[in-house]
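To start, the structure itself, in structure tokens.
The values are calculated or read from the model by the stated rules, or taken from the named source; none is laboratory data. Please read these numbers as outputs of a predicted model, since none were measured by experiment. Please note: Cβ atoms are built from the backbone with ideal geometry, for glycine as well, and neighbour counts cover all protein chains shown. Heads up: the accessible areas ignore ligands, DNA and RNA and are worked out on the full protein's heavy atoms, side chains in. Shrake-Rupley method; radii C 1.70, N 1.55, O 1.52, S 1.80 Å.
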Amino acid sequence: MAKKLSFEAKEKMVELAGACFWYWAGFYSFLDSCGVPKTVQRKYPRETYNKYTMMRAVLEDLDQVGNSDLVNAIASGFYRLKGPIDRDQLDEKKAKRLLSEFHQAIGDDPIEAEIKKREHERAKATHAQSIADRRAQGKRLEDLNSEFLNLTTASDVTPQQRGFKLELLFFQLLHLSELEHSKPYRTPGREQIDGHFKYEKFDYLVEVKWTQELTKQPDLSIFDGKIRGKAQSTRGFFVSANGFDDMAVQKYSGDSPRIILMTGEDLALVLSGRVLFADAMRAKLDSIVRLGTILFPVRKIAT
């Protein structure tokens, strides 16, 4: 709600109505610019009211209906005047003195002050919402981390179930990271794809595995074939909970690599909040660009 003006400020506005305007046309134009409706202006015809009495009546009328916003708009109109409108017909020194006294009475332009106040309130609300969102995101990340830790120790889960749950967990991480993604699907040729996400200008096909052994070259070869059968802008993102065989990593590094590898250790560091997924992606991409290496250990950038 707009701040109400003091009695002193309103009395100054009454004085200014006569001190700054000689011709009625200019006064009506001023009221129009402030947003005073014609219906209100017509209630106080110039045949019966002078500019002083009309301004007082208009202010009283607006006060009665609680329209503080419009009162402040009129005050803002006076605040912005540099002197009398009809200078040749009025006492310019008196008008400027009254305007100076009016400025002192109200302090700041009420419209500008209200704008700043609302901007501050919006910024405050946005900040509070941002904090709440971060807390909620942090809580969800903690939950995902707990799920991942439970998967590593659970004895009543089959390898297939473990891999499926890891897949679900990874896509929940992509959702938290606000990356556009799609879950598992089959191509028209019945090729199984574990999912897909977009990062910067590239599309990444996803492969998720949780096997007891290291992921070896045949698995990377199959995945590489899926990628190379797609558009040039398509890359691969392979998550292996127990890591990758060194020979497989070397085979697919350095020769126009299009696959990024993530180990369970990498994923644990992201889920624990020590590294953002976006930062892990940037580091892994930098490793491919600068070194041609498709497996960059996230622990190297962990805090």
Item to complete: Would you check if there is a residue in region 154-172 being over 28 Å from Gly229 (Cα atoms) and within 35 Å of the chain's Cα centre (by Cα)?
Response: no
Fill in: Residue tally, condition touching a strand residue (DSSP E or B) at 6+ places or on another chain (Cβ under 8 Å) and either surrounded by fewer than 21 Cβ atoms within 10 Å (Cβ to Cβ) or of a type in the set (Ser, Thr, Tyr) (or both), over region 259-280
2
Worksheet item: Counting only residues that are touching a residue at least 40 places away in the same chain (Cβ under 8 Å) and outside any helix (DSSP H, G or I), which one in region 89-109 is most open to solvent (accessible area, probe 1.4 Å)?
Response: Asp91
Item to complete: Filter region 76-87 down to the residues that are more than 15 Å from Tyr28 (Cα to Cα), in contact (Cβ under 8 Å) with a residue 12 or more places away in the chain and assigned to a helix (DSSP H, G or I), then identify the one that is farthest from the chain's Cα centre (by Cα).
Response: Tyr79
Fill in: Candidates Tyr23, Tyr28 - the one that is touching a residue at least 60 places away in the same chain (Cβ under 8 Å), of a type in the set (Ser, Thr, Tyr) and out of contact with any Ser or Thr (no Cβ under 9 Å at 6 or more places or on another chain)
Tyr23
Discussion item. Taking the condition of being open to solvent by 50 Å² or more (accessible area, probe 1.4 Å) and either modelled with pLDDT of 95 or more or under 32 Å from the mean Cα position of the chain (by Cα) (or both), how many residues in region 224-241 meet it?
Written reply: 1
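Of all residues in region 45-81, which are among the aromatic types (Phe, Trp, Tyr) and open to solvent by 20 Å² or more (accessible area, probe 1.4 Å)? First the steps, then the outcome.
Taking region 45-81 as the starting set, the residues that turn out to be among the aromatic types (Phe, Trp, Tyr) are 49, 52, 78-79.
Those that are among the aromatic types (Phe, Trp, Tyr) and open to solvent by 20 Å² or more (accessible area, probe 1.4 Å): Tyr49, Tyr52, Tyr79.
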Worksheet, complete the sentence: In region 1-52, residues that are among the β-branched types (Val, Ile, Thr) and touching a helix residue (DSSP H, G or I) at 6+ places or on another chain (Cβ under 8 Å) total 3
Worksheet item: Ser221 passes all but one of (1) outside any strand (DSSP E or B); (2) crowded, with 16+ Cβ neighbours inside 10 Å; (3) of a type in the set (Ser, Thr, Tyr); which number fails?
Response: (2)
Worksheet entry | Residues being more than 15 Å from Leu168 (Cβ to Cβ) and either in contact (Cβ under 8 Å) with a residue 24 or more places away in the chain or open to solvent by less than 60 Å² (accessible area, probe 1.4 Å) (or both) - total across region 197-214 | 10
Worksheet item: Are any residues in region 281-295 open to solvent by 40 Å² or more (accessible area, probe 1.4 Å) and out of contact with any Gly (no Cβ under 9 Å at 6 or more places or on another chain), and if so, which ones?
Response: Arg282, Asp286, Val289, Arg290
Worksheet item: Just a yes or no: is a residue in region 269-288 assigned to a strand (DSSP E or B) and under 23 Å from Phe164 (Cβ atoms)?
Response: no
Item to complete: Pull up region 23-58, narrow it to residues that are aromatic (Phe, Trp, Tyr) and over 16 Å from Phe78 (Cβ atoms), then point me to the one that is farthest from the chain's Cα centre (by Cα).
Response: Tyr49
